[in-house]
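Have a look at the structure below before the remarks.
The values are calculated or read from the model by the stated rules, or taken from the named source; none is laboratory data. This is a predicted model, so every value here is computed, not measured. A quick note on method: Cβ atoms are made from the backbone with ideal geometry, for glycine too, and the neighbour counts reach across all protein chains shown. Surface accessibility is based on the protein's heavy atoms, side chains included, excluding ligands, DNA and RNA. Shrake-Rupley method; radii C 1.70, N 1.55, O 1.52, S 1.80 Å.
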Amino acid sequence: MTLATDAFRTATAALLGLLMLTSSAPAATPHPGQAVYESSCALCHAHPETTRAPALDTLKAMRYQTLLYALNEGKMKLQAASLNDTQKAAVIDYLVGREATSDDWLPKAMCAPERRTVKLDVSATVAGFGFDPKNHRQLSAAQAGLRTADMRNLKLAWAMGIPKATSMRSQPAIVGSTLFLPVADAQRVLAIDISAQPCVQWVYSHATPLRTGAAFGQLPNGRKVLVFSDVASKVHMLDASTGRLLWIQAVGLYPLSLTTGTPAIHGERVYVPISQYEISLGGNDDHECCRTHGAVTALDATTGKKIWTAHTMEEAKPVRDRGDGKMIYGPSGAPIWSSPAIDAKRGVLYVGTGEATSEPAAPTTDAILAIDLQDGRIRWRFQATENDIFLTGCARNRSGLNCPRNSVHRDVDFGASVIIAQRTDGSDVLLAGQKSGTVWALDPDRDGKLVWRQDFGEGSPLGGIHWGIAYDGTRVFAPINRPYASAEAAVGSQKPGLHAVRVDTGAVEWSYVTAPDCSGKRAELVKACATNIGFSGAPTVIDGAVVSGSLDGFLHAFDAKTGELLFKFDTARAFDTFNGVSANGGSIDNATIVATNGLLLVSSGYGLFGQMPGNVLLAFKPIQP
């Protein structure tokens with residue numbers, strides 16, 4: 001099924017016609033789109049580590065539909081406002097050409113009729129970002145079909161490529177032998193039967209690129225459903241058995257709102273975290289800064305109707321003249337990037353928030369919030385970092401008109417989802433990972449009072465702890481990133497790698513510190529192999545092992561108790577795929593490691609922040625004796 005607005009269809013047709021014209025320029029002359037790129041795009045895309053924009057190589061690996069949407073409707077709409085249709089067509093043609101992405105592989109990959117039926121009569125193995133409502137990111141040996149000992153003897157079972165994808169960012173939901181995989185760049189969700197040779201049971205398509213992972217649940221009428229969000233901040237609910245759309249609901253609060261964290265299904269409601277990308281635009285002097293803030297919205301799971309919205313702060317008001325007669329607006333910021341943890345016992349959900357984007361910095365920025373499940377009241381908050389006002393553009397030029405006059409300027413969000421864990425005495429404790437490099441333990445029965453903290457360096461705008469942490473019942477596993485452009489720029493106390501922390505005390509039990517690997521062809525394939533080596537994505541516990549990926553493409557499995565490295569595999573290379581699509585691995589980031597049916601499943605490729613793009617789903621299985 002494909003949904004698209006008439007306006008987007010019209011714009012698409014117009015620009016595709018112009019692509020035909022701009023592509024007829026003689027090969028010996030400079031491409032007309034190159035000048036457009038250099039004048040309007042290169043300033044950000046040439047500095048991806050700082051601006052968080054995709055690098056030029058990543059742009060050239062994208063689908064033209066992805067670029068077209070970004071320029072007309074998405075993140076680049078404001079930047080592209082000064083370009084006419086001819087210029088947009090020219091820059092797209094310069095980057096990716098006119099050839100439409102071929103989906104010839106898809107009919108060939110469809111399951112035979114006897115395997116098309118999706119079996120949903122068992123409990124979900126992965127029901128959402130944290131696998132369970134408490135966000136443990138833990139699978140038993142029975143759930144995964146894998147034991148700790150199997151991790152020593154893994155081999156690649158198969159690989160699946162997605163044409164012209166650059167970021168395999170979205171975690172699948174898993175029920176039985178079906179993997180429900182959103183592929184953001186392909187604008188699709190694929191239901192994949194992995195019980196034997198993989199095949200596709202159904203496909204859901206949409207005109208808008210997707211964004212979040214998928215969550216699985218059951219409606220009051222017994223229907224089994226999937227829910228996820230797209231880059232236009234619209235939530236989609238599908239019938240999990242057929243892929244049929246049940247409803248779509250827009251949840252964006254502002255034009256620059258975004259949905260990033262996977263929605264959570266609980267009871268009769270869907271809870272949707274809302275972030276924003278004004279942080280990327282606010283440093284531009286032409287931008288009226290800043291009005292956008294984060295929220296959680298509760299939807300009726302059956303109808304999609306909005307029930308309540310919990311705002312992270314009040315609406316922005318004029319604060320001061322920025323020096324040219326125009327006003328700075330505030331407060332703003334506190335986006336929610338992560339998926340909620342559901343505490344049914346206390347009737348609340350927990351989320352972490354991000355930085356402020358203008359003054360004054362609200363007390364709900366860089367904080368953990370406890371929000372009432374029924375009415376959306378913020379019951380309590382714990383602020384970890386005060387006065388963290390940050391705009392991406394101000395990292396390079398603090399003299400901009402919108403840049404904060406007084407700020408710690410750290411950008412240390414809580415990007416990792418909160419975990420509801422348990423201590424040995426039976427009491428609950430909340431675990432939260434911050435981009436400051438800190439693991440926090442809070443008491444949910446004492447309004448978030450601090451129990452302990454453990455610091456791993458000073459952190460940075462990309463972590464510190466970036467996308468997630470995991471819990472095995474005794475330890476919390478904290479991945480630490482290293483997002484520096486050069487080894488000389490690295491903070492001395494920052495330790496990129498993975499750390500195991502005792503939940504009862506906050507003591508560090510073991511640490512794995514990664515090191516650069518530019519051996520062989522890696523120096524050519526992984527351009528930042530000497531520096532971009534950190535652990536940014538969320539780890540996964542499987543039986544007595546913890547599995548984590550790194551930005552330089554390595555997949556690691558460790559003994560959860562000792563930290564012994566059990567398995568390491570380089571995904572930053574080309575793969576032969578069962579569906580015949582050319583595929584390459586790259587950075588392993590966000591949340592892409594799951595397991596079921598005796599398979600360890602990992603998506604490789606993340607083409608943002610100057611990292612290595614990729615378009616492959618990999619499946620590993622134990623070597624049989």
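Table for the structure above
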| read-out | value |
| --- | --- |
| Orphan Cys of the chain, criterion: no other Cys C-beta under 4.7 Å | 41, 44 |
| Within straight-line cross-link reach of residue 164, lysines at Cα separation under 25 Å, skipping those fewer than 8 residues along the same chain | 60, 75, 77, 88, 108, 234, 521, 527 |
| The chain - Rg over Rh from alpha carbon coordinates, Kirkwood radius | 0.94 |
| For a label point 7 Å along the Cα-to-beta-carbon line of residue 405, residues of region 343-363 with backbone N under 14 Å | 359-361 |
| Sum of -39500 (n - 2.57) over DSSP H runs of 4+, divided by residues of the chain (222 nm, nearest 500) | -3000 deg cm²/dmol |
| Cross-link partners of residue 326 among lysines (Cα-Cα below 18 Å; sequence separation of 8 or more within a chain) | 317 |
| Cα Rg over Rh - region 243-386, Kirkwood | 1.01 |
| Protein-only accessible surface order, largest first, of 375, 411 at 1.4 Å | 375, 411 |
| Exposure ranking of 205, 399, 102 by accessible area [1.4 Å probe, largest first] | 399, 102, 205 |
| Carbon plus sulfur fraction of accessible area for the chain, probe 1.4 Å, in percent | 51 percent |
| Assigned charges on the beta-carbon of Lys, Arg, Asp, Glu; the chain dipole about Cα centre (debye) | 700 debye |
| Solvent-accessible area per residue, Å², over the chain with all protein chains present [probe radius 1.4 Å] | 36 Å² |
